[in-house]
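Only the coordinates and a few stated rules stand behind these numbers; no lab work does. Please read these numbers as outputs of a predicted model, since none were measured by experiment. Don't worry about glycine lacking a Cβ; one is built from the backbone with ideal geometry, like all the others, and counts go over all protein chains shown.
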């Protein structure tokens, strides 16, 4: 493990109780990443991709092992402190955008800021800047039902970045999109990863998306192993 990694995962395990005994999903997973790194994680359904992502994002806790983000152990924090740490340092993009239908595009992007330091003028300016960056400046007052699926996902990317997080986690971000739109969203994620200097971890079934990442790993038998990108 690197002493200077911004994300350090060591011997991470996760098991769930079942009537037949413990079901081991993650079995001693290790991972080091720096800000600016981009990783695609692949593997069959049930291999633990989403479980890994939820633990990295502090939405679930490990059975054993350690996770350190920017040198801190977030699982050593109390519930309120951990929630504040997650809001500040982690951005999420899900397969289903999870935009609030009653809120405008701009309001949806600003929601994480409301839960953090507050949605002040600086937060609104940043939201508008992000929306302009992804080509949504003409849609700021629209509701989610008034924009396309690809546009909703672009809004979700902006929402994930509003608090300038150290880490961006994407769970099947192109799974509900047509190939052309998926390609555009994939390009956007990788470009913003570099522009915003985030740690980007994307779990996906799409080899087309995974092969665009500079680094790819596969979950095999509960552990992450390096996997070479494949040519289409």
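Here the residues 109, 203, ranked from fewest to most Cβ neighbours within 10 Å of their Cβ, fall in the order 203, 109.
Of the Cα atoms belonging to segment 1-93, the radius of gyration and Dmax stand at 13.6, 43 Å.
Considering helices alone, the calculated mean residue ellipticity of the chain at 222 nm is -10000 deg cm²/dmol, with DSSP H runs of length four and up weighted by -39500 (n - 2.57) and normalised per residue.
With both partners inside the chain, how many of the DSSP beta bridges are antiparallel, as a percent to the nearest 5? The antiparallel proportion sits near 55 percent. Of 151, 129, 79, the sequence from fewest to most neighbouring Cβ atoms within 10 angstrom is 79, 129, 151.
Regarding segment 66-217, what is the average projected area of its C-alpha convex hull, in nm²?
For the Cα atoms of segment 66-217, the hull's average projected area reads 9.4 nm².
Pull out the extension gain between residue 4 and residue 121, defined as 0.36 nm times the separation in residues minus the alpha carbon to alpha carbon distance; nm, one decimal. Gain in length upon complete extension: 38.7 nm.
Considering only C-alpha atoms, what is the centroid distance from segment 69-127 to segment 18-64, in Å? The two parts, judged by their Cα centres, are 22 Å apart. From least to most packed, judged by other beta carbons within 10 angstrom and beginning with the fewest, 98, 4 follow the order 4, 98. In the chain, the longest principal axis of the Cα atoms and the axis of helix 121-133 are about 80 degrees apart.
Taking only Cα atoms, what is the 0 to 90° angle, nearest 10, from helix 179-196's long axis to the longest principal axis of the chain? With both axes taken from Cα atoms, the answer is about 80 degrees. Against the main long axis of the alpha-carbon atoms of the chain, helix 105-115 sits at an angle near 50°. Dividing the mean sequence gap of close Cα pairs (under 8 Å, 6+ apart) by how many residues the chain holds gives a relative contact order of 28 percent. Full extension of the chain segment joining residue 23 with residue 45 gains 6.4 nm, where the gain is 0.36 nm per residue of separation less the Cα-Cα distance.
When a/c is below 1.5 the answer is rounded, else prolate if a/b is larger than b/c, else oblate, so apply that to segment 69-111 with a ≥ b ≥ c taken from the square roots of the Cα gyration tensor eigenvalues. Prolate shape, in that a/c is at least 1.5 and a/b is the bigger ratio.
Highest mean packing comes first when the peptides 205-214, 64-73 are listed by Cβ atoms within 10 Å, giving 205-214, 64-73.
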